[in-house]
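Below is one structure, written out as structure tokens; the observations come after it.
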Amino acid sequence: MKTLCLIRHAKSSWNDEYVEDFERLLNNRGLQDAPEMGARLMQQGFKPDQIISSPAFRALATARRIARELAYDSDEIVTDMRIYDAPVGNLLALIRETKDEFNHVALVGHNPGIHKLSQFLTSTAPIEYPTCAVYWMQFNFNSWRQISPLSGNLIYHDFPKNKE
């Protein structure tokens, strides 16, 4: 059995108009939301074997803050440029290439790709995918190569402003 947690990067800063999109940093809210969402995932029992992140500054900063809350060594985070501004096909290819020794994987990236991937993989995908939202799903197979449309089942979905 495999589980995948799709995480959209936390809120980033738009204060400096001269900073390239790739280099945008997290703003104060993003710096607070990422560890909060990591703590919520930990409370739900998510323990990643691997975290894969876009190398964009805001995504990697989000991944590192979430990893800290999950007791995951941030030096072990894998970055992959294919996640940055990626269509579903690129994200799907990346997941299918994941080593089967990793059963619990987190993927930290950007919209619209992360949101569209959640819609592709499950029938219960959220209508909106706000910053730092997490969408954790389970697959009833033993190889990432078997991932296919609507093959996932929702385990947990949350976002920073959700006060349930």
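Each of Ala71, Gly113, Met137 was placed along the dipole of segment 58-164 (beta-carbon charges, centred on the mean Cα), and the one lying farthest toward the positive end is Gly113. Take the alpha carbon atoms of segment 67-100, find their center, do the same for segment 3-42, and report the distance between the two centers in whole angstrom. Using only Cα atoms to place each centre, the spacing works out to 16 Å.
Restricting attention to the chain, close to 50% of DSSP beta bridges with both partner residues there are antiparallel.
Distance distribution P(r), segment 2-158, all Cα-Cα pairs, bin width 10 angstrom from 0: 12, 45, 35, 7, 1 percent. Which part of segment 37-65 falls in the paramagnetic zone of Asp73, meaning amide N under 19 Å from the point 7 Å along Cα-to-beta-carbon? Counting only backbone N, you get 47-53, 63-65.
Sparse packing (at most 13 other Cβ atoms within 10 Å of the Cβ) combined with a DSSP loop state is found for the following GluC sites (Glu not before Pro) in segment 69-118: Glu97, Glu101.
Take every pair of alpha-carbon atoms less than 8 Å apart whose residues are at least six positions apart; their mean separation over the length of the chain yields a relative contact order of 32 percent. A straight Cα-to-Cα reach below 25 Å connects Lys161 with the lysines Lys11, Lys47, Lys116, residues fewer than 8 places away in its own chain not being considered.
Just so you know, all these numbers are worked out from the coordinates, no wet-lab data involved. Owing to the predicted nature of the structure, the values given are computational and were not obtained by experimental measurement. Please note: Cβ atoms are built from the backbone with ideal geometry, for glycine as well, and neighbour counts cover all protein chains shown.
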